[in-house]
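The values are calculated or read from the model by the stated rules, or taken from the named source; none is laboratory data. Values in this document were obtained by computation on a predicted structure and should not be read as measured data. Positions of Cβ are backbone-derived with ideal geometry, glycine not excepted, and every protein chain shown enters the neighbour counts.
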Amino acid sequence: MLTELLQGVDSGGFLIIQDSASCSGRHLLKSFISAALNREEAVHVLGYDVGEEEMRDGLNGSATGRLHFHNAYTDPLGWTDQSACTVNQFCLEKLTHLLKQTGNIKSTILVIDSLSWVLRHLSPPAVCKTLHQLRKGGAVRAVIGLLHADMHQRGTVGSVCHLASSVIQVAPGIKGDEALAKITRRSKSGKVIQEEELFSINEDLTVKVQSKPSQPGLKQNDTEEQEVDPTANLTFNLRLSDTEREAKEKLALPFVFSKEKKSALLHSGPGSGRILYEPDANDDYDQEDPDDDLDV
């Protein structure tokens with residue numbers, strides 16, 4: 001699924017790359033930028049975390065002409081009043097005005113590096129509102145954002161990721177050059193697809209999918225522990241041998257009546273007790289009306 005996402009985010013889509021301090025997602029973000037530039041798409045980057053030189057490093061030089069970097073790294077809060085892009089401009093109206101300065105923006109991809117910087121200075125509801133307007137309003141073709149999940153509360157991360165059509169959560173892989181991508185993709189029909197893939201990034205920023213782990217994060221020691229018999233060290237036996245099982249099946253249970261026992265209980269034999277009743281002369285018993293003596 002990672003390869004499919006690299007081939008192009010759907011129109012109106014919103015992709016989040018979610019990383020942490022243990023595994024950075026910036027290289028994967030640059031792989032998405034490189035793939036979009038190679039498709040001859042225009043890419044606008046809101047740079048809050050790194051400068052323009054670091055962002056362009058490793059990208060194809062012939063394609064970087066379609067990369068428009070909006071520098072919010074040197075003065076993100078606008079203290080010098082000379083920055084063309086600040087965190088306070090993260091709203092639909094100002095972003096649209098900023099992107100229109102370079103031509104038609106409806107066919108471009110907006111990259112936010114990173115959403116965490118914006119969330120640290122603006123309220124989550126305001127950020128979510130702008131993201132929703134960008135996605136549904138058609139201001140740009142697609143939005144890709146980098147989110148440092150360990151910098152925010154779980155509710156904030158969940159609210160932002162709920163708006164996304166695809167979320168890629170990166171984690172360290174088994175080998176040093178590998179990473180694990182936990183992908184959640186929501187189709188327009190509402191169907192949710194989840195996959196996990198091990199991948200590595202080459203020097204030219206192309207992504208190579210290594211494998212699809214059947215049980216993500218499972219190590220060899222964990223597999224051996226699962227194969228250990230939990231009944232091996234018990235002081236009693238939970239299993240029956242063939243002889244014991246045969247004896248169990250032949251055992252007559254006390255609450256199950258055999259045919260002989262049923263016959264003995266239903267048919268009284270010689271010497272069994274019986275109760276005989278002979279009406280007395282004083283008994284006022286009317287066979288036609290047995291309840292005649294009742295005061296009803």
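Observations, loosely collected:
Quick grid of which residues meet (1) part of a loop (DSSP other than H, G, I, E, B); (2) among the charged types (D, E, K, R); (3) surrounded by 15 or more Cβ atoms within 10 Å (Cβ to Cβ); (4) in contact (Cβ under 8 Å) with a residue 40 or more places away in the chain:
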| residue | (1), (2), (3), (4) |
| --- | --- |
| H44 | no, no, yes, yes |
| M55 | no, no, yes, yes |
| D81 | yes, yes, no, no |
| W117 | no, no, yes, yes |
| A126 | no, no, no, no |
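- Given (1) under 20 Å from G145 (Cβ atoms); (2) in a loop (DSSP other than H, G, I, E, B), number of the condition N60 does not satisfy: (1)
- Check on L77, in contact with a helix residue (DSSP H, G or I) (Cβ under 8 Å, 6 or more places away or on another chain), outside any helix (DSSP H, G or I) and buried (at least 21 other Cβ atoms within 10 Å of the Cβ): no
- Failed item, numbered, when N202 is tested on (1) more than 26 Å from P76 (Cα to Cα); (2) among the polar types (S, T, N, Q); (3) in contact with a Phe, Trp or Tyr (Cβ under 9 Å, 6 or more places away or on another chain): (3)
- Only residues that are within 15 Å of G12 (Cβ to Cβ), crowded, with 22+ Cβ neighbours inside 10 Å and not β-branched (V, I, T) were counted across segment 143-165, and they come to 2.
- Selection status of A72, farther than 22 Å from L6 by Cα and in contact with a Cys (Cβ under 6 Å, 6 or more places away or on another chain): yes
- Number of the exception - L198 against (1) out of contact with any helix residue (DSSP H, G or I) (no Cβ under 9 Å at 6 or more places or on another chain); (2) farther than 22 Å from G47 by Cα; (3) at pLDDT below 85; (4) not basic (K, R): (3)
- Scanning segment 175-194 for residues that are surrounded by 15 or more Cβ atoms within 10 Å (Cβ to Cβ) and either closer than 24 Å to R141 by Cβ or of a type in the set (A, V, I, L, M) (or both) yields a total of 7.
- Scanning segment 146-156 for residues that are more than 13 Å from R120 (Cβ to Cβ) and either modelled with pLDDT of 95 or more or part of a loop (DSSP other than H, G, I, E, B) (or both) returns a single hit, L146.
- Residue within segment 108-115 that is surrounded by fewer than 22 Cβ atoms within 10 Å (Cβ to Cβ) and β-branched (V, I, T) present: yes
- Residues of segment 5-41 satisfying the condition of being part of a strand (DSSP E or B) and buried (at least 21 other Cβ atoms within 10 Å of the Cβ): F14, L15, I16, I17, Q18, D19
- Note on segment 202-235: residues that are within 24 Å of the chain's Cα centre (by Cα), among the hydrophobic types (A, V, I, L, M, F, W, C) and modelled with pLDDT of 80 or more total 2.
A quick yes/no check of all residues on (1) of a type outside the set (S, T, Y); (2) more than 29 Å from S20 (Cα to Cα):
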| site | (1), (2) |
| --- | --- |
| G58 | yes, no |
| L67 | yes, no |
| T80 | no, yes |
| N88 | yes, no |
| S116 | no, no |
| L119 | yes, no |
